[in-house]
Amino acid sequence: MPQLAADLAEIINTPLEKIPPSGIREFAQKINDIPDLIKLTLGEPDLDTPEHVKQAAIKSIITNDSHYSAQKGTLELRQAISNYLKRKQNLIYDCNSEIIVTVGATEAIAASMLSLFQPGDEIIVPTPSYALYFPLIKYTKAHLIPINTATSDFVLTPSLLEQTLQQYPQAKAILLNYPTNPTGRTYSKEQLKGLAKIIARYHLYVIADEIYSELTYDFQHVSIARYLPERTLIINGLSKSHAMTGYRIGYLAGPKKIINLVAKMHAFMVTAPSNPAQAAATEALEHGDQDPVIAREIYRHRRDYVRSSLNKMGLKTVANEGTFYVFVKIPERYGKDDLRFALDLADQAKVGGTPGSAFGVGGQGYIRFSYAASETELQLAMLRIQNFLVKEN
């Protein structure tokens, strides 16, 4: 037994062992067993997958569509993605050579980073940002270059990007997530044009995580690939737009040379996505343009209610134009200790939120609440938070 233990210790002594898990999932697990907890932690839509989308998956099963699809995904789905990007963003991608169907946007992110990032590469990430990026960058042994956007109301400005690139002129890529998780901030056409000029001048590649593109409230989402098509890799999927998190369908679209490289890693990791899920995604993209519109109006109503409620309690909320998250400044008495505030809120008020520090530099002193929950749950959560704040005072 001692020898076995030694052998096991040697086997698991890898770089992966030293990398902490995603801060979002780690905190959610920490508070998961608290009785009667209202969980406003994870980005999990409470809405049902549209009926016509479910029926497409059922038909795939009934007709015995049970064999491997092409590794890049079924041709039908890749064509649907190509048509969708042309219809929505006026972007042209060849379904045979410039699109990959992935097992969720998460796999798209991992396959991209593991394919493109090398040890020593400098990767720019505006923060606070989605927590998964950080451990993956660390695993590739690339160097994370965070840009703290808290100083510019949680929006990356051309001047902030320029300042960073003057300090790191050899940076290889920028990871741009918008609408942004956790803040809900996003970028207009003019803002993207300004960023694109800087990016082009420094020859950066862009990984554009646009998973919340259909959940933009105040103006239509614009992909930065419109201005930098030859240097942009788009990540998107159906999880948020069509309430299909469990179907695990995402996709990548980009220049042929980059897609061919990432396709190798994708094939090594998963072989191919599930056929029924791909059939459902094809239906969603071909006949489901109205589904996100309906969902967006539900989330807009919830956003307005949650922000208004929190503001009335004296909590400052960050303006958000997209996603289904609200980013909230914690009470002054906690300083920047968002972990302590989130734990106290979970233990005493039975409301779960994610500490802002899980999202990197600039997130300290904030907490993220998801309003992808029922109105009944949100109303009760707001009441509990208000009672907690009154007791604290």
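Below is a table of values for the structure above.
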item	result
Number of Lys pairs (Cα under 18 Å; 8 or more positions apart or on different chains) in region 159-301	4
Calculated [θ] (222 nm, deg cm²/dmol) that DSSP helices of n ≥ 4 give over the chain, each run adding -39,500 (n - 2.57)	-13000 deg cm²/dmol
Relative contact order of the chain, pairs being alpha-carbon contacts under 8 Å that are 6 or more residues apart, as %	24
Environment charge of PRO20, counting only residues whose C-beta is closer than 14 Å and scoring Lys/Arg +1, Asp/Glu -1	+2
Cα pair count fraction exceeding 21 Å, expressed as % - region 249-359	61
About the Cα centre, charge dipole magnitude for the chain (Lys/Arg +1, Asp/Glu -1 at Cβ), debye	820
Candidate lysines - alpha carbon under 18 Å from LYS329, same-chain residues fewer than 8 apart omitted	LYS312, LYS316
Rounded accessible area of ASP121 (nearest 10 Å², 1.4 Å probe)	30
FRET E, pair HIS52, LYS189, Förster distance 35 Å, beta-carbon r, rounded to 0.05	0.65
Cross-link partners of LYS18 among lysines (Cα-Cα below 17 Å; sequence separation of 8 or more within a chain)	LYS138, LYS141
The chain - accessible surface per residue (Å², probe 1.4 Å)	44
Solvent-accessible area of SER308 with every protein chain in place, 1.4 Å probe, in Å² to the nearest 10	50
Sum of side-chain charges, LEU228 neighbourhood, beta-carbon under 13 Å (Lys, Arg +1; Asp, Glu -1)	+4
Surface share of carbon and sulfur [accessible, 1.4 angstrom probe, percent] for the chain	53
Where only alpha carbons of region 184-280 are counted, the Rg and the Dmax (Å)	15.1, 44
Candidates per chymotrypsin sites (Phe, Trp or Tyr not before Pro) in region 56-100, loop by DSSP, up to 11 other Cβ within 10 Å	TYR68
Debye-sum result for region 165-204 in log10 I(q)/I(0), which assumes one identical scatterer on each alpha carbon, at q = 0.25, 0.27, 0.30 Å⁻¹	-0.92, -0.97, -1.02
Set of aspartates and glutamates near LYS30 by C-alpha distance (under 14 Å), chain-local residues within fewer than 8 positions excluded	ASP344, ASP347
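The values are calculated or read from the model by the stated rules, or taken from the named source; none is laboratory data. Please read these numbers as outputs of a predicted model, since none were measured by experiment. Please note: Cβ atoms are built from the backbone with ideal geometry, for glycine as well, and neighbour counts cover all protein chains shown. SASA here: full protein model, heavy atoms, side chains in, ligands and nucleic acids out. Shrake-Rupley method; radii C 1.70, N 1.55, O 1.52, S 1.80 Å.
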